[in-house]
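Asks: Before we start, here is the structure in question, set down as structure tokens.
The values are calculated or read from the model by the stated rules, or taken from the named source; none is laboratory data. Only a predicted model underlies this, so the values are computations on that prediction, with no experimental measurement involved. Don't worry about glycine lacking a Cβ; one is built from the backbone with ideal geometry, like all the others, and counts go over all protein chains shown.
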Amino acid sequence: MPIIPHSELLTRHAANPIITAADLPYAANSVFNPAATIRDGETILLMRVEDRRGLSHLTVARSPDGVAGWRIDATPTFVGKPDTHPEEIWGVEDPRLTFIEEEQRWIVAYTAYSRGGPLVSLATTEDFETFERLGAVMPPENKDAALFPVKFAGRWALIHRPMGAHVWISFSPDLRHWGEHRILLEAREGGWWDAQKIGLSPPPLKTDHGWLILYHSVRTTASGSIYRLGLALLDLDNPRRVLKRSSEWLVSPSEPYERFGDVADVVFPCGWTLVDDEIRLYYGAADTCIGLATGRLSELLAWLDECDSHADE
């Protein structure tokens, strides 16, 4: 297969990194891996912040244009509560946001760091000021989870990554009891860029062609790991069915703020927004700061159509 030019598909913003620990109104080590949504025309990020103990919490940032002028909560917005939720004893991490239109609320899927390892927990919010915890929904070790915004045959669907290499999907009638677990995307084998470990990045994005999935891969090299991003497309009515998957990576760490930091060579998105045809992708860079990349949904879908790897596997 020929190499598909894609250098202009996602363009890093000239102001990157758009948020660093120095922008926070309180002391912290780093800020990264933000969830993203739009509420009343305002972009909201639910950011992972690592404090100087090494534990993480979530803090809200708001912007009128999604680029600058961020108003960041003066104190942590969502912190671990080990007294009532012991699975959060070592913090909360890596949120994803899904807006449920029929209920006019957001579901937050996040990683709770328990004594037994990381696991998937859910919470809900209507205003990003108060949150109702639903608690842990998957046992350790499990992370990289996000909910679809609609039900399938009366059941919710959750993408997640149990300990291991692959991305899974599970179903629930009530957001609390989950079953019918199965592998959705497998890490490929051999020399592929996504051969060793993969996980979901932002929540699934509904398009006319299917559910667009952005996923990350972890490639282990002699000098360390490299986190890269690729695309897949799922059937609108049956999200277990993978329609397309990119043969090449879409984004790889290249800028200094992505290549150097607390964890080198990492681009890790947990959130994106879509207005008309414009995608805004918010990502953690080197586990240290937040970057923004923009592109066109139509161009991403066209590239995925050309770069589909099903015939090559």
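Asks: I'm checking my understanding of the structure. Among residues of the range 36-52 that are within 14 Å of Asp287 (Cα to Cα) and of a type outside the set (Lys, Arg), which one is nearest to the chain's Cα centre (by Cα)?
Replies: Met47
Asks: Working carefully through the options Ala15, Ala36, find the one that is among the hydrophobic types (A, V, I, L, M, F, W, C), surrounded by fewer than 14 Cβ atoms within 10 Å (Cβ to Cβ) and in contact with a strand residue (DSSP E or B) (Cβ under 9 Å, 6 or more places away or on another chain).
Replies: Numbers: Ala36 fails: surrounded by fewer than 14 Cβ atoms within 10 Å (Cβ to Cβ).
The unique qualifying residue is Ala15.
Asks: Another one. So, Ile183, is that one modelled with pLDDT of 95 or more, buried (at least 21 other Cβ atoms within 10 Å of the Cβ) and part of a strand (DSSP E or B) or not? So that I can check it myself, show each step before the final result.
Replies: Values: modelled with pLDDT of 95 or more: yes; buried (at least 21 other Cβ atoms within 10 Å of the Cβ): no; part of a strand (DSSP E or B): yes.
When the stated conditions are applied, Ile183 does not pass them.
Asks: Could you go through the range 81-89 and let me know if any residue there is under 19 Å from the mean Cα position of the chain (by Cα) and polar (S, T, N, Q). Spell out the reasoning first.
Replies: Pass one, the range 81-89, residues under 19 Å from the mean Cα position of the chain (by Cα): none.
No, that holds for no residue.
Asks: Here is a follow-up. Out of all the residues in the range 102-128, which are in contact (Cβ under 8 Å) with a residue 24 or more places away in the chain, within 19 Å of Leu45 (Cα to Cα) and not small (Gly, Ala, Ser)?
Replies: Just the residues of the range 102-128 that are in contact (Cβ under 8 Å) with a residue 24 or more places away in the chain, to begin with: 106-123, 128.
Now drop any that are not within 19 Å of Leu45 (Cα to Cα), which leaves 106-112, 121-123, 128.
Listed by number, the residues that qualify are Trp106, Ile107, Val108, Tyr110, Thr111, Leu122, Phe128.
Asks: Let me ask you something else. Inspect all residues belonging to the range 236-246 and state whether any of them is in contact with a Pro (Cβ under 6 Å, 6 or more places away or on another chain) and either buried (at least 18 other Cβ atoms within 10 Å of the Cβ) or among the aromatic types (Phe, Trp, Tyr) (or both). Spell out how you get there, then give the answer.
Replies: The first filter runs over the range 236-246 and keeps only residues in contact with a Pro (Cβ under 6 Å, 6 or more places away or on another chain), leaving none.
No.
Asks: Any residue that is in contact with a Gly (Cβ under 8 Å, 6 or more places away or on another chain), assigned to a loop (DSSP other than H, G, I, E, B) and within 21 Å of Glu101 (Cβ to Cβ) - is there at least one of those in the range 186-202?
Replies: Looking for residues that are in contact with a Gly (Cβ under 8 Å, 6 or more places away or on another chain), assigned to a loop (DSSP other than H, G, I, E, B) and within 21 Å of Glu101 (Cβ to Cβ), one finds at least one in the range 186-202, hence yes.
Asks: Being in a loop (DSSP other than H, G, I, E, B) and either more than 18 Å from Ile290 (Cα to Cα) or at pLDDT below 95 (or both) is the filter here, so list the residues in the range 75-93 that pass it. Steps first, please.
Replies: As a first pass, look at the range 75-93 and keep what is in a loop (DSSP other than H, G, I, E, B): 75-77, 79-85, 89-90.
Hits for the range 75-93 are Thr75, Val79, Gly80, Lys81, Pro82, Asp83, Thr84, His85, Ile89, Trp90.
Asks: Same structure again: Taking the condition in a loop (DSSP other than H, G, I, E, B), at negative phi, buried (at least 17 other Cβ atoms within 10 Å of the Cβ) and of a type outside the set (Lys, Arg), does Ala293 pass?
Replies: no
Asks: Here is a further query. Restrict the check to the range 61-72 and report whether at least one residue is touching a residue at least 40 places away in the same chain (Cβ under 8 Å), crowded, with 18+ Cβ neighbours inside 10 Å and in a helix (DSSP H, G or I).
Replies: Looking for residues that are touching a residue at least 40 places away in the same chain (Cβ under 8 Å), crowded, with 18+ Cβ neighbours inside 10 Å and in a helix (DSSP H, G or I), one finds none in the range 61-72, hence no.
Asks: Take the conditions under 18 Å from Ser56 (Cβ atoms), out of contact with any Pro (no Cβ under 6 Å at 6 or more places or on another chain) and touching a residue at least 24 places away in the same chain (Cβ under 8 Å) and apply them to Phe152. Does it pass?
Replies: Criteria not met by Phe152.
Asks: Among the residues of the range 247-290, what is the count of those that are among the polar types (S, T, N, Q) and either crowded, with 24+ Cβ neighbours inside 10 Å or part of a strand (DSSP E or B) (or both)?
Replies: Start the filter on the range 247-290 by keeping residues that are among the polar types (S, T, N, Q), which leaves 247, 252, 254, 273, 288.
Adding the requirement that they be either crowded, with 24+ Cβ neighbours inside 10 Å or part of a strand (DSSP E or B) (or both) leaves 273.
Here the count works out to 1.
Asks: Out of all the residues in the range 137-165, which are aromatic (Phe, Trp, Tyr) and outside any loop (DSSP other than H, G, I, E, B)? Give the derivation first.
Replies: Here is the first cut: in the range 137-165, the ones aromatic (Phe, Trp, Tyr) are 148, 152, 156.
Hits for the range 137-165 are Phe152, Trp156.
Asks: Then there's this: Return yes or no: is Val218 surrounded by fewer than 23 Cβ atoms within 10 Å (Cβ to Cβ) and under 18 Å from the mean Cα position of the chain (by Cα)?
Replies: Values: surrounded by fewer than 23 Cβ atoms within 10 Å (Cβ to Cβ): yes; under 18 Å from the mean Cα position of the chain (by Cα): yes.
Taking the combined requirement at face value, the residue satisfies it.
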